[in-house]
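K.L.:
Supplied in structure tokens, the structure appears directly below.
The values are calculated or read from the model by the stated rules, or taken from the named source; none is laboratory data. Here the structure is a predicted model, which is why all the values come from computation and not from measurement. Cβ atoms come from the backbone with ideal geometry, glycine included; neighbour counts cover every protein chain shown.
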Amino acid sequence: MKIAQLQVFVTVAEEKSLRAAARCLNLTQPAVTRSVQELESDLGVVLMTRNVQGIELTEYGIALQTRAHQILEDVRRAREELDQLKNNLRGKVTVSATSTIALSLLPKALVQFQKDAPDAELTLMEVKFPQAAQHLRDGSLDFVVSHVLPDMLGDDLISMPLFSTEFVVMARAGHPLASARQLAELTDAQWLSTVPSGGFQHSVTEAMFENAGLPLPRRMIQCSSFAIALGLVIGTDSLVMFSRVLADSIDCFGLQQIQLEQTQPALEMSIIMRKGTLLTPLAQRFVECLQAVARQA
């Protein structure tokens, strides 16, 4: 199993076409076919089949795709690390961060990071945690900055706490329920959630009502992004739970906190990465910038 063979295999798997993969790799189609066949012969399994739609991975191919992508990303990181050890902080760092981080720590951390590594290629994403975890596993992400429940990590991911903050209930200015002090007064309101049922924010909302001995609100709108939720809470009578850090950073939008007497759930923001992974010096420097800003907050 050679690195070049894995590169060909991953490209074919992504393009779902031998011809398209050959164009991407600047190879002939017979060369791509031969490389895949040699890899299959070496491993003793069939990795892909052809049909009218193109290339389809077998169960062995699906299993290899994640591992192969991870190996290729680790090889890239190894090359970059050796270069960075020569005091040349160049290379690529890919990070997924939540809205809470984007509107709190991230700007200051980025300024600090770019002072040390002005030539770094930085990619910042906002991906829901299940997808972010998969990107960690296949090597597409260096690390994730997010809130996550312990049972969502699995055995192959680890987390390093950054800071803790509580959730607060937010509404538009002048909301008819703005003076509510008991959660029971909000059960008939329309609520927003930026994650599907079972996700972290939904679980926190669920826990808040459960701890108060109340049923989960019937009127719950799931939003695919923070921007959608923000637009709806500004322009309608919907309610939403935001971390206090996030709520404080968007007070310019005319929102207000509903001051409930009940204590709201706490939120721990963490850096999450693949267990056993060695970050490149460049990625480690970005982690250190985030940690430094968190300590100053």
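K.L.:
Just checking, does the range 69-81 include any residue being of a type in the set (A, V, I, L, M), outside the structural domain of Asp119 (by TED's automatic domain parsing), over 30 Å from Gln114 (Cα atoms) and free of Cβ contacts under 8 Å to residues at least 40 places away in the same chain?
P.N.:
There is no residue in the range 69-81 that is of a type in the set (A, V, I, L, M), outside the structural domain of Asp119 (by TED's automatic domain parsing), over 30 Å from Gln114 (Cα atoms) and free of Cβ contacts under 8 Å to residues at least 40 places away in the same chain.
K.L.:
Could you identify the single residue in Ala68, Ala109 that is under 24 Å from Ala132 (Cβ atoms) and either at pLDDT below 90 or part of a loop (DSSP other than H, G, I, E, B) (or both)?
P.N.:
Matching residue, one of Ala68, Ala109: Ala68.
K.L.:
Identify, from the list Val52, Val36, the residue that is at pLDDT 85 or above, on the phi < 0 side of the Ramachandran plot and of a type outside the set (Asp, Glu).
P.N.:
Every option except Val36 fails the conditions.
K.L.:
Inside the range 115-137, can you point out the residues that are small (Gly, Ala, Ser) and either part of a strand (DSSP E or B) or surrounded by fewer than 18 Cβ atoms within 10 Å (Cβ to Cβ) (or both)?
P.N.:
none
K.L.:
Take the conditions out of contact with any Phe, Trp or Tyr (no Cβ under 8 Å at 6 or more places or on another chain), at pLDDT 85 or above, among the aliphatic types (A, V, I, L, M) and not assigned by TED's automatic domain parsing to the domain that holds His147 and apply them to Ala97. Does it pass?
P.N.:
It is false that Ala97 is out of contact with any Phe, Trp or Tyr (no Cβ under 8 Å at 6 or more places or on another chain), at pLDDT 85 or above, among the aliphatic types (A, V, I, L, M) and not assigned by TED's automatic domain parsing to the domain that holds His147.
K.L.:
Is it the case that Thr33 is within 21 Å of Glu73 (Cβ to Cβ) and surrounded by 14 or more Cβ atoms within 10 Å (Cβ to Cβ)?
P.N.:
no
K.L.:
Scan the range 171-187 and give yes if some residue there is of a type in the set (Val, Ile, Thr), in contact (Cβ under 8 Å) with a residue 60 or more places away in the chain and out of contact with any helix residue (DSSP H, G or I) (no Cβ under 6 Å at 6 or more places or on another chain), otherwise no.
P.N.:
The answer is no, given that none of the residues of the range 171-187 is of a type in the set (Val, Ile, Thr), in contact (Cβ under 8 Å) with a residue 60 or more places away in the chain and out of contact with any helix residue (DSSP H, G or I) (no Cβ under 6 Å at 6 or more places or on another chain).
K.L.:
Also, quick follow-up: Quick one: how many residues across the range 58-90 are surrounded by 13 or more Cβ atoms within 10 Å (Cβ to Cβ), of a type in the set (A, V, I, L, M, F, W, C) and out of contact with any Leu (no Cβ under 7 Å at 6 or more places or on another chain)?
P.N.:
The total comes to 3.
K.L.:
Looking at this structure, is Met125 modelled with pLDDT under 90 and among the aliphatic types (A, V, I, L, M)?
P.N.:
No; evaluated as a whole, the condition is false for this residue.
Condition check ((1) part of a loop (DSSP other than H, G, I, E, B); (2) of a type in the set (Lys, Arg); (3) without any contact (Cβ under 8 Å) to a residue 60 or more places away in the chain) across all residues:
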| site | (1), (2), (3) |
| --- | --- |
| Leu89 | yes, no, no |
| Ser96 | no, no, yes |
| Val145 | no, no, no |
| Phe163 | no, no, no |
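K.L.:
How about the range 186-256: which helices (runs of 4 or more DSSP H) wholly inside it have at least 2 residues that are at pLDDT 85 or above and under 22 Å from the mean Cα position of the chain (by Cα)?
P.N.:
226-235, 244-249
K.L.:
Identify, please: which residue in the range 38-57 is loosely packed, with under 13 Cβ neighbours inside 10 Å and not hydrophobic (A, V, I, L, M, F, W, C) and is, among those, farthest from Met1 (Cα to Cα)?
P.N.:
Looking at residues that are loosely packed, with under 13 Cβ neighbours inside 10 Å and not hydrophobic (A, V, I, L, M, F, W, C), I get Gln53.
K.L.:
Do the conditions hold for Leu279, that is, is it within 30 Å of Gln70 (Cβ to Cβ), touching a Leu at 6+ places or on another chain (Cβ under 6 Å), assigned by TED's automatic domain parsing to the domain that holds Gly139 and not in a strand (DSSP E or B)?
P.N.:
When the stated conditions are applied, Leu279 does not pass them.
K.L.:
How many of the residues making up the range 212-249 are in contact with a Ser or Thr (Cβ under 9 Å, 6 or more places away or on another chain) and of a type outside the set (Lys, Arg)?
P.N.:
Summing the residues that are in contact with a Ser or Thr (Cβ under 9 Å, 6 or more places away or on another chain) and of a type outside the set (Lys, Arg) in the range 212-249 gives 24.
K.L.:
May I pose another question? So Asp42 passes all but one of these: (1) within 30 Å of Leu279 (Cβ to Cβ); (2) assigned to a helix (DSSP H, G or I); (3) more than 26 Å from the chain's Cα centre (by Cα); (4) touching a residue at least 40 places away in the same chain (Cβ under 8 Å). Which condition number does it fail?
P.N.:
(1)
K.L.:
Here is a further query. Are any of the residues in the range 12-32 part of a loop (DSSP other than H, G, I, E, B), at negative phi and not hydroxyl-bearing (Ser, Thr, Tyr)?
P.N.:
Yes, the range 12-32 contains at least one residue that is part of a loop (DSSP other than H, G, I, E, B), at negative phi and not hydroxyl-bearing (Ser, Thr, Tyr).
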